[in-house]
Each structure stands twice: as structure tokens, then as C-alpha cells.
Protein chains: 2
Amino acid sequence: MAVPEAVATALRLVDEDGLDSLTMRRLAAALDVQVGTLYRHFATKQTLLAAMAEEMLAGCAGPLPDGLTWREQITELAGRLRMALLRHRDGAWVYAGTHSVGPNTLSYTDTLVGVLRETCPSPEAATRTALAIVHFIVGHTLEEQAAQALAETELPAALTLLHAALDPGTYPNLAAAEATLTSTDFVGHFAHGLNLIIKGLAGE
Amino acid sequence: MAVPEAVATALRLVDEDGLDSLTMRRLAAALDVQVGTLYRHFATKQTLLAAMAEEMLAGCAGPLPDGLTWREQITELAGRLRMALLRHRDGAWVYAGTHSVGPNTLSYTDTLVGVLRETCPSPEAATRTALAIVHFIVGHTLEEQAAQALAETELPAALTLLHAALDPGTYPNLAAAEATLTSTDFVGHFAHGLNLIIKGLAGE
DNA sequence: CCTATTAAATGAACATCGTTCATAAAATCG
DNA sequence: CGATTTTATGAACGATGTTCATTTAATAGG
């Protein structure tokens with residue numbers, strides 16, 4: 001049983017049936033192996049999930065196209081991480097629940113900090129900005145995929161439930177926000193939030 | 001068995017032993033009740049967690065002090081949400097894993113959008129900005145509490161592991177970032193990220 | 001080629017988990 | 001007081017992460 005194959009299979013199982021359905025037993029069955037065998041290669045299920053998170057980030061730190069402004073470089077890198085998390089079902093959840101120190105994760109952060117050092121007044125500011133960007137991406141993607149998970153069957157019910165709770169008398173601002181809140185234009189939401197951060201960076 | 005008491009007890013159990021230790025059986029035992037009884041009040045464990053998330057946000061939308069600039073109002077509201085999540089062990093995780101539409105959650109978002117409407121050019125921009133701020137807070141607090149969880153025993157090991165992986169040849173920027181990355185000044189990190197967003201808002 | 005040593009896979013088991021349900025107790029109310 | 005509804009019980013079901021003694025396969029040395 002090869003470790004990289006096991007990780008790839010685990011990601012495939014998550015894509016097919018969601019993260020709660022990823023079970024050590026099911027993974028073992030998909031690999032034609034007994035459950036105990038997995039524990040010779042992964043000390044714990046958390047270790048497996050960390051390896052999956054690391055694998056998801058493959059390619060995210062690849063070379064940036066020439067001639068990009070630093071703003072465009074940040075947008076490109078942020079978009080890559082978002083897409084990497086979106087590429088697999090519950091990907092943001094897997095990523096948020098682990099803390100990989102593998103080469104993909106490290107080189108992504110290294111690249112992002114490198115771009116930010118061109119603009120930020122100090123390495124500390126660049127690092128803190130990188131953290132803020134990643135945290136925004138994780139939070140945003142977590143919610144985007146939560147909406148995707150609901151979309152399967154229960155989104156309409158959730159939306160009418162929300163709409164019923166939105167009394168314009170008690171929540172005047174939410175009434176004005178409802179259209180945007182319930183919108184599925186996550187690309188737009190993401191761009192808006194990221195541009196806020198980038199604009200804030202310009203003042204440094 | 002009263003529902004609010006059950007939610008409060010569940011939060012207390014999480015504070016004492018962490019979220020993985022919150023079990024329907026353990027909660028039932030703490031309430032001097034059988035397991036099945038819980039399912040008469042909470043259709044599922046997810047329902048319980050949503051009620052806990054809603055409870056955590058109590059007071060977050062309370063009236064803002066007079067005389068605050070909109071910048072200060074945003075800082076105050078964001079700080080309240082962060083503190084609400086930090087107040088309970090694994091609070092960010094509970095919050096991120098649920099989607100409450102209770103009054104605490106709704107009025108918090110309503111208040112935040114309300115403040116942002118003073119500054120943003122449209123209700124849509126205000127709503128998207130509110131989303132971005134909340135997503136940043138969730139991502140940030142998730143990592144802050146992950147560090148807290150590690151701090152119990154395994155933080156030193158994790159840090160030396162990270163340090164060993166940080167070859168300055170392959171990750172030149174991470175080498176410069178290590179001090180900040182491994183810092184525990186989460187207050188500073190949070191303020192930096194939030195100020196970035198607020199500064200970006202000024203350009204609108 | 002055979003053997004000794006190491007690595008890997010097996011299969012069964014353990015404690016625990018979320019959830020369900022028929023039954024029994026308790027509370028409510030006409 | 002008796003009938004009806006609400007709440008609690010206790011036992012069970014299937015499934016989960018994890019462990020471990022044992023067996024099987026692979027590897028290396030003479």
C-alpha cells in the first residue's frame with residue numbers, strides 16, 4: 001500500500017460522498033486492504049487529513065506569470081488557494097482542521113509572503129498580512145462550501161427559514177442585505193473582500 | 001430538562017474538556033438524564049451545536065458606546081465577535097460548523113451591516129464587507145484556538161518541527177517570517193488584519 | 001539458494017459514538 | 001378523578017477510531 005495513493009483515494013472518497021463519509025474502514029476497503037494496515041502508514045486519522053490538506057495545495061506555489069503587478073500577484077495567489085480548497089468537496093473544512101508543515105503548504109506561504117514584502121514596510125507586516133489573507137480565504141471558502149453542501153437538497157428550506165426570520169422591523173439592515181446575503185455570487189464576494197485588503201495595503 | 005440549561009451545560013463541558021469530548025451521553029449524564037431524552041429537545045447533535053453557537057453570540061449586538069467613529073464601531077463589533085468565539089474552548093470551531101439563524105446571530109449581522117452602510121456606497125457593498133469581516137474573524141479565531149489547543153502540550157514540538165523544516169535556502173521569505181509566524185501575539189495579528197480591511201474601506 | 005531479519009498486512013477485538021423506539025412515568029387539563 | 005398529552009427511560013443497532021498479537025511477504029547476507 002503506497003501512501004500517496006492512499007491520500008489520493010481518500011480525496012476521491014471525500015469528493016464522492018463528503019467528509020463525514022470518509023472512514024478509515026471505507027478508505028481501507030477502497031484500497032483493498034484491512035483497516036489496521038492504514039495505521040502502519042498514518043498514526044491517526046488526523047495525520048491522514050493533514051496529508052490530504054498538504055496534497056490539496058500542490059501547485060499553488062507554482063511560478064507566477066511575468067509582468068504582474070503586486071496587486072495582481074496577490075489576487076492570483078489568493079485565487080489559487082481558494083480554488084485548491086474548492087476543488088475537493090469539504091476542502092476548506094479539511095484544510096481548516098489540520099496544520100500541515102509539508103512543502104506545498106510551506107512554499108505557498110513563502111511565495112505569498114515574498115510578494116507581500118515588495119509592498120509591506122517590514123517582514124512582520126508582510127507576514128501578518130499573509131496571515132490575514134489566508135484567514136479570509138479559509139473563512140470565505142468554509143462558508144462557500146457550506147452553502148454548496150446545503151444546495152444538495154436543503155438550501156430552499158434554509159432560505160425560506162431565513163426569510164421568515166427577517167422581520168424588517170427588527171432587522172432593518174438585514175432586510176436591505178438579504179439579496180446579497182442569499183446570493184450565490186461567491187466569486188463576487190471573494191473579489192470584494194480581497195480587494196478590500198489589497199486597497200488597505202496600498203496605504204502602507 | 002430545560003433547553004437553555006442544556007445548552008449552557010454543553011458549553012461548560014466543551015470549556016472543560018474540548019469539543020471532541022462533547023458527547024450526547026456525557027451531556028445527558030451532566031444533566032442527570034438519559035441519552036434519549038436529549039433527542040426530544042434536539043433533533044440531532046448538529047442542532048445542539050447550532051444552539052450553542054447562537055448562545056455564544058449573546059450580547060454581541062448590544063448598543064455601541066456613543067461618539068465612536070465608524071472605524072471604531074467596526075473595531076468594537078469585530079472585537080466582540082472575536083471575544084465571543086474565544087470565550088469558549090473551540091468556540092470558533094463550533095461557530096464555523098453551524099449556521100444559526102437565531103436572534104443573536106441575526107442582530108449581530110444586522111448591527112454590523114448597519115454600521116457599514118454609513119461608509120459603503122451601497123447596501124450590497126456593506127453586506128459583502130460584513131461577510132468579509134466575519135470570514136476574516138472566523139479564519140483568524142480558528143487558527144488562534146488551534147494554537148491554544150496545541151499549547152497544552154505539543155506546541156514546543158510543533159515549533160521545533162516547523163523550525164527544522166524552514167530551510168532558509170528553499171524558503172527565504174519564511175525564514176524572515178518565522179518570528180512573526182510563531183508569535184503568540186494574536187491581538188496584534190487580529191488588529192493588523194482588521195485595520196487592513198478598514199483602511200481598504202476608506203477608499204470607497 | 002537458503003536462511004535470518006525486517007517490514008507489512010491480517011483479523012479480531014475494545015470502547016465509544018449518534019440515533020431510534022417501544023415502553024413507562026409524569027404532568028396537564030377538562 | 002380520569003383521560004390525554006408531554007416527557008423520560010432503558011435497551012438496542014450499526015458504525016466509528018484505534019490497538020495488537022499473529023501471520024504473511026519482502027529483503028538482505030553467506
Margin query: At q = 0.15, 0.20, 0.23 Å⁻¹, what log₁₀ I(q)/I(0) does the range A:112-204 have when each alpha carbon counts as one equal point scatterer in the Debye sum?
Written below: -0.74, -0.97, -1.13
Note to self: Under 8 Å for C-alpha pairs, at least 6 residues apart: give me the relative contact order for chain A, rounded to a whole percent.
What the structure shows: 19
Check: Can you give the average number of partner chain beta-carbon atoms within 10 Å of each beta-carbon in peptide A:190-197, as a whole number?
Finding: 6
Next item on the list: Note the distances from A:Ala157 to each other copy's matching label point, with points 7 Å along the Cα-to-beta-carbon direction, in nm, sorted shortest first.
Entry: 4.3
Margin query: Stokes-Einstein diffusion coefficient for the range B:1-47 at 25 °C in a medium of 0.890 mPa s, Rh from the Kirkwood formula over Cα pairs: what value in µm²/s?
Written below: 234
Notebook entry, point to check: If you wrap a convex hull around the Cα atoms of the range A:144-187, how much volume per residue is inside, in Å³?
Noted result: 66
Item checked: Computed FRET value (nearest 0.05) for B:Asp20 with A:Ser122, which takes r as the C-beta separation and R₀ as 35 Å -> 0.35
Item checked: 7 Å along Cα→Cβ, label-point gaps from A:Val35 to other copies, nm, shortest first -> 1.7
Check: For the protein assembly as shown, how big is Rg over Rh, using alpha carbon atoms and the Kirkwood form of Rh?
Finding: 0.96
Notebook entry, point to check: What average number of partner chain Cβ atoms lie no more than 10 Å from the Cβ of the residues making up A:107-116?
Noted result: 4
Check: In angstroms, what radius of gyration and Dmax does chain A have, counting Cα atoms only?
Finding: 19.8, 61
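If contacts are Cα pairs under 8 angstrom and at least 6 residues apart, what is the relative contact order of the range A:53-101 in percent?
52
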Notebook entry, point to check: Between the range B:27-55 and the range B:152-178, what's the alpha-carbon centroid distance in Å?
Noted result: 41
Notebook entry, point to check: Can you list, shortest first in nanometers, how far A:Thr75 lies from the same residue in the other copies, with each label 7 Å from Cα toward Cβ?
Noted result: 3.0
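The numbers here are math on the coordinates, done by the rules we state, and not lab data. Remember, it's a predicted structure, so these values are computed and weren't measured experimentally. Positions of Cβ are generated from backbone atoms using ideal geometry, with glycine treated the same way; all protein chains shown enter the neighbour counts.
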